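Below: the structure, in structure tokens.
What follows draws every value from the coordinates through simple rules; no lab data is involved. Just so it is clear, the model here is predicted, and its values are computed rather than measured. Cβ atoms come from the backbone with ideal geometry, glycine included; neighbour counts cover every protein chain shown.
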């Protein structure tokens, strides 16, 4: 089966901005996304997810390289200065190119 | 509603000059105190019921009415003070600011707590007391037990925030202890002025004294990203919430009785 190279953009951040972040990804060309509830810690302290205000999410977007670049730049410029944000990019291969 | 909108206007100057906080932090904490804590309300209801003076069920409307105005005023204070952007410093080119505001308005007006409270009241009003009978054991009988478990859980969460209060400093902790009785007295006096019953005055005082730690943190995190959430959540959940449950509520019930003569 034919395989197509794509990027997996992973954004780990505060649950409070989930809705805005998903809307931004959509507006910038992402066709789909996956959100996981996660826990962790970093420079901005530990986030244990003990209650509503302390929840964290991992947003995964499989998309074309240019979309990943646009979203990453936007997230780093807009959200990273004030929110807990971890962001990384990895290479993935998909089977159905049209979907991503 | 007006009362809850006034609270941030009263607390903001105190937080700025008394506690010496930066404008975004002061506005965020002011919004937390302007909004209300549903759990504190539930404890006050329980205390009143145990004292043989059950509060009127429709007082839950007050919670729904008083949740949002304080948050809105807090956001406006942050905007006026520092020109804080609606969401972040660099909005996406694809998304206009109006959509950010619309999203925020939706968050505040249709937050889980408000929808559940107003929805519950509407369901109760439409179905009437007869419909309540079959489900009463779950919602009335088990309520105290569930509340006890919930308070235990909240105690653990609140306790976990205590180390963070070191960052907040003595002045903010003092604010967390002094603001509730002062705001509670304000609520009690207004309630008395409006000719409310003793349980209603006690509930209004409790709501004024309480600080939100569920709705307000989410809303303020979106609206005022510059504010440090550790400070606002630390003081509202780590100081004011336990203070109200242990000392405040009996005090507000006492105020209500004393005012009503």
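Legend: mean number of C-beta atoms from other chains within 10 angstrom of residue C-beta atoms, peptide A:51-61, equals 4. Look at where the Cα atoms of region B:167-203 and of region A:9-83 average out, and the two centres are 38 Å apart. By the equivalent-ellipsoid construction on the alpha carbon gyration tensor, chain B comes out with semi-axes of 30, 22, 17 Å, ordered largest to smallest.
Modelled this way, with points 7 Å down the Cα-to-C-beta line, the labels at residue B:53 and residue A:27 are 5.2 nm from one another. Compute the Rg to Rh ratio over chain A from the alpha carbon atoms, using the Kirkwood formula for Rh, and round to two decimal places. Radius of gyration over Kirkwood radius for chain A works out to 1.00. Modelled this way, with points 7 Å down the Cα-to-C-beta line, the labels at residue A:87 and residue B:182 are 4.1 nm from one another. Centre-to-centre separation between the Cα atoms of region B:211-261 and those of region B:7-67: 5 Å.
Residue by residue through A:16-23, how many Cβ atoms from other chains fall within 10 Å of the Cβ on average? Each step should come with its number before you reach the end.
Values: counts 10, 6, 0, 4, 11, 0, 0, 6.
Taking the mean over all residues of the peptide, I get 5.
Sorted largest first, the principal axis extents computed over the alpha-carbon atoms of region B:191-240 equal 42, 22, 14 Å. Think of it as helices only: each DSSP H run of n ≥ 4 in the protein assembly as shown is worth -39500 (n - 2.57), and spread over all residues that comes to -18000 deg cm²/dmol at 222 nm.
Could you please rank A:19, B:16, placing first whichever residue has the fewest other Cβ atoms within 10 Å of its Cβ? Walk me through the numbers before you get to the answer.
On the way: A:19 13, B:16 18.
With the sparsest Cβ surroundings first, the list reads A:19, B:16.
The per residue volume of the convex hull around the alpha-carbon atoms of the protein assembly as shown is 161 Å³. Were the residues from residue B:136 through residue B:115 laid out at 0.36 nm apart, the gain over their Cα-Cα distance would be 5.5 nm.
Between residue B:160 and residue A:95, what FRET efficiency comes out of the Förster formula 1/(1 + (r/R0)^6) with R0 = 51 Å and r the beta carbon distance, rounded to 0.05?
Values: r = 45 Å, r/R0 = 0.88.
Result of the calculation: an efficiency of 0.70.
Computed over the alpha-carbon atoms, region B:109-222 gives an Rg to Rh ratio of 1.03, Rh here being the Kirkwood radius from the mean inverse distance.
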